[in-house]
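The values are calculated or read from the model by the stated rules, or taken from the named source; none is laboratory data. The structure presented is a predicted model; accordingly, all values stated were derived computationally and were not measured. Heads up, the Cβs are rebuilt from the backbone with ideal geometry, glycines too, and the neighbour counts pull from every protein chain shown. In case anyone asks, the SASA skips ligands and DNA or RNA and just uses the protein heavy atoms, side chains included. Shrake-Rupley method; radii C 1.70, N 1.55, O 1.52, S 1.80 Å.
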Amino acid sequence: MSVIVKDEEGRIFLLCKGADSVMFERLAKNGRKFEEKTLEHVREYADAGLRTLVLAFCELDEEEYKEFDDKFSEVKNSVAADQETLIEEVSDKIERNLILLGATAVEDKLQNGVPDCIDKLAQAKIKIWVLTGDKMETAINIGFSCHLLRQGMKQIIIHLEIPEIQALEKAGDKMAIAKASRESVHHQISEAAQLLSASRGTCQTFALIIDGKSLTYALEDNMKNMFLELTSHCASVICCRSSPKQKALVTRLVKSGTGKTTLAIGDGANDVGMLQEADVGIGISGVEGMQAVMSSDIAIAQFRYLERLLLVHGHWCYRRMSSMICYFFYKNITFGFTLFLYEVYASFSGQPAYNDWFLSLYSVFFSSLPVIALGVLDQDVSARYCLKFPILYQEGVQNILFSWRLILSWMLNGFISATMIFFFCTKAILPQAFDEEGRTAGRDMLAVTMYTCVVWVVNLQMALAIRYFTLIQHIFIWGSIAYWYLFLMVYGAMPPNISTNVYKVFIETLAPSPSFWVVTFFVAISTLIPYISCSVIQMWFFPMYHQMVQWIRYERKTNVPE
Amino acid sequence: MDMPDDKDAPPTSKKTSTKPIYSKFSQQELPAWKPILTPGWVISVIGVIFIPIGLASLFSSDCLPPSHAQNAVAYIQSDTTNKTCITKWTVEHKMEAPIYIYYQLDNYYQNQMLIFVSREDRIRYLSLLTIQPTLYLLNRREYSKECVRKCIVSILFFSIIAVIVFKTSNCVDMILVNSCRYGETTNCFPEDKTKDNQPIVPCGLIAWSLFNDTYKFSTNNKDLTVNKKNIAWGSDQRSRFGSDVYPKNFQRGDLIGGAKLNESIPWSQQEDLIVWMRTAALPTFRKLYGKIEVDLEVNDEIEIAIENNYNTYEFGGKKKLVLSTTTVMGGKNPFLGTAYLFVGGLSLLCAIGFILLYVIKPRPLGDPSYLPWNRNPGSIK
């Protein structure tokens, strides 16, 4: 960009500024005295993440300016198809023989904490893409500012600013331009893929930078798979000069091409398409308005809050959901399989082992609250350690806690528990005398004893599975067990035509009998021993990452290298 | 030059914050105990051992005369043959009073569903009855006088229905309270009415199949008194079997299933029936027959006269007679003690194994060098 001014003494000056690669070409021979030093400074500034400009000037004489003015006016007033090109030609002629003045460096201010946040997310092995409408130089500078691009990273740049395509653009043939552009993008992607293949095995990391015009062709049907394959081996990807539609298309490509979960975060109206296309859309509320926030799933005030949102609450939420669902499988199998085993001994006639209200209220009162407390409050690792070890987030990405092996293990645990409860109860209570008075237990007493053991085992299993006991957890676990006894007393005290076969079963027959309590204690402890053993062996020999971090916290080692 | 006066600036509006109130609950910072399975804690899990004490003598003998071995069903169903058999048994261990007498039946499915009639349906039916007036009340937007009158009439109507259902539903097996009406035995099909359409009390297949073998015990030519009082649960006698209800038309059909009842004794005193009506949980069960309230010394010889009346031959069942003493833990049960010993031993083995591992192969589980990203930088698995 140039400006031509005349000072009060009548002298005419041309003032020019631009990128260093362009400006140094236009310097006069006697204007290059400080070129090397300035270039050195410009590179230092760029490495520091600043946006740089080079300034130069020259003095024009009267005839030179008049000639330029006549030509410029003539071209401006013409209606030729190549007017832009002609204007550039005339301007280019005047911007010659400049004298170097110096360079400027401007910091593009980011929000607080953004570089640290992106550092943490990168440590958590989250692939990060930047989709921006800025120019390539600005995008690269921003990449360095927020630590998305780092020293030592090799940059792969895909762009269409090459002489052949520029020549074709002057010719004005759209078909030829599209064809040449497509071939160029294809060639650049192939070249980059070869470069990545050659560098495999080394510690070299790559960053891909692609501009919007190239992105148009890279997203076409016959090329997007190549493009996606290329990006999957890059640590960072920057798409500059991309339109809002291209942002959404890139998000869709990544989402459907990799099958992974995608998260989009933006703060402006041009990000709405991207936010809605991603699996999770996060809007940043701020000076750019509320469009992004209103179209997103989660709204945050600053970008740095993304760190805690993903690494702490994302990790916790994954653990809570997976543990809760596995436990639901466990407790319902434990309850239902005892019913099935009793059916075997009732000749499959449909006789239920338990009273109807026992069946109805099992999941409502006696085993639901502890699992709700797990789903809402459980923390396997505290927030501080989640942030200290971002790699814990990979447990969710790799689905370690909700794999089929773990789900089937919990189901097997349910079957084992049910089998042990049923056979231990029946063998311990029947057919000999039940109490000191010599009376024997009937169907109702066996049912209540078995149900009591199920309630104890299921709630104690919850106590063994969690590692975060607040007062709420204690109230819910022991309260569920106490509530069962309370229900048994109240329901059994109702008239016989209401309580039917539970009439005074607990108060009169079970509670005064020591064998009931001994059997309950024995069955509860015995049924939990397989889980304890497997849990100890697994933690001792094959610990998961969160268990390693738990041990670190337990041993109070603070000087942990990261 | 005269400067124009500035207008007063509008008063500064107080900035209202939308920041939510801080609380430890909403920020998930509740104080918590975070246990971890340390070796010391795991090793201390050892089972507790209990061994119930009691002696039981299981007596089983074929009480079928050899002349009828090929036709047991005809023998048991005949009214003319002599079904009494005498057997003798020597006491091997001293048995202190009271000694409980049980009959044990094998392969007898008293828990078969078809024997029962679902009594819980009445509760659901009553729940449905109460739902409609409640919804009717809740759906109203205004409570005019006419509406209130309609609601009251509706509630009264459904209450009357509920009372009628309760009354007429009481006359089923196992729930026989004082207000039982003899005419309502339809729930007990096929043992609900006689051929001339008279109600059977008690009705139902369970009562109909009441066990009817009898036992007499004597030692040294002296009869042992069998006490058959207090063998049923008190709640059954007080609440579930009416004290003013008497058997009627029982075992008068073509098929005789079991014992006949003395029609001059009220139901709450028919303890044999009450014990039998507490249905067993599994196909093999014992039920209390009575008590012998004198001690039996070692080497005493007991002579038992068994009246073999109950037909178990037709379905391949078995009958046994059990004499047992009890402790606070009930009768003798080798399973519970054996299981406690087994689980305790297993826990002890686990504990010893973990101790050996802890000593021989100590592993600093909190060592950060074991973290995979410290071992292999850049890789996760």
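Considering only residues in the stretch A:497-533 that are free of Cβ contacts under 8 Å to residues at least 40 places away in the same chain, surrounded by 17 or more Cβ atoms within 10 Å (Cβ to Cβ) and of a type in the set (Gly, Ala, Ser), the one that is nearest to the other protein chains (Cβ to nearest Cβ) turns out to be A:533. The requirement of being open to solvent by less than 40 Å² (accessible area, probe 1.4 Å) and either of a type in the set (Gly, Ala, Ser) or under 30 Å from residue A:381 (Cα atoms) (or both) is not satisfied by residue A:446.
When residue A:477 is tested against (1) within 47 Å of the chain's Cα centre (by Cα); (2) within 9 Å of chain B (Cβ to nearest Cβ); (3) not in a loop (DSSP other than H, G, I, E, B), only condition (2) is not met.
The set of residues in the stretch A:371-412 being within 26 Å of residue A:333 (Cα to Cα) and of a type in the set (Asp, Glu) consists of A:378, A:380.
For residues that are at pLDDT 75 or above and surrounded by 13 or more Cβ atoms within 10 Å (Cβ to Cβ), tally how many sit in the stretch B:98-120. Lay out the reasoning, then the answer.
In the first step, residues of the stretch B:98-120 are kept if they are at pLDDT 75 or above; the result is B:98-111.
With surrounded by 13 or more Cβ atoms within 10 Å (Cβ to Cβ) added as a condition, the list becomes B:98-106, B:108-111.
Residues flagged as at pLDDT 75 or above and surrounded by 13 or more Cβ atoms within 10 Å (Cβ to Cβ) within the stretch B:98-120 amount to 13.
The residue list B:335, B:342 contains one member that is over 30 Å from residue B:245 (Cα atoms), within 7 Å of another protein chain (Cβ to nearest Cβ) and either over 28 Å from the mean Cα position of the chain (by Cα) or assigned to a helix (DSSP H, G or I) (or both), which is B:335. Per this entry, residue A:458 is counted among residues that are more than 7 Å from chain B (Cβ to nearest Cβ), within 17 Å of residue A:370 (Cβ to Cβ) and open to solvent by less than 30 Å² (accessible area, probe 1.4 Å). Listed here are the helices (runs of 4 or more DSSP H) enclosed by the stretch A:374-445 that have at least 3 residues being of a type in the set (A, V, I, L, M, F, W, C), at pLDDT below 90 and farther than 14 Å from residue A:546 by Cβ: A:404-429.
Answer with yes or no whether residue A:197 is modelled with pLDDT of 85 or more, loosely packed, with under 14 Cβ neighbours inside 10 Å and not in a strand (DSSP E or B).
On the way: modelled with pLDDT of 85 or more: no; loosely packed, with under 14 Cβ neighbours inside 10 Å: yes; not in a strand (DSSP E or B): yes.
Spelling it out, it is not the case that residue A:197 is modelled with pLDDT of 85 or more, loosely packed, with under 14 Cβ neighbours inside 10 Å and not in a strand (DSSP E or B).
For the stretch A:339-365, a residue qualifies if it is exposed (fewer than 15 other Cβ atoms within 10 Å of the Cβ) and not in a helix (DSSP H, G or I), and the qualifying residues are A:347, A:348, A:349, A:350.
Of all strands (runs of 3 or more DSSP E) completely enclosed by the stretch A:217-315, which ones contain at least 1 residues that are touching a helix residue (DSSP H, G or I) at 6+ places or on another chain (Cβ under 8 Å) and over 24 Å from residue A:144 (Cα atoms)?
Numbers: elements: A:236-240, A:263-266, A:280-284, A:298-300.
Of the strands (runs of 3 or more DSSP E) lying wholly inside the stretch A:217-315, those with at least 1 residues that are touching a helix residue (DSSP H, G or I) at 6+ places or on another chain (Cβ under 8 Å) and over 24 Å from residue A:144 (Cα atoms) span A:280-284, A:298-300.
Selection of the stretch A:19-60 for residues being under 39 Å from the mean Cα position of the chain (by Cα), open to solvent by less than 50 Å² (accessible area, probe 1.4 Å) and over 12 Å from residue A:100 (Cβ atoms) yields A:19, A:46, A:49, A:50, A:52.
Name the residue, out of A:377, A:361, that is under 21 Å from residue A:455 (Cβ atoms) and in the same structural domain as residue A:416 (by the TED database). Break it down into steps so the answer makes sense when it comes.
On the way: A:377 fails: under 21 Å from residue A:455 (Cβ atoms).
From the options A:377, A:361, the qualifying one is A:361.
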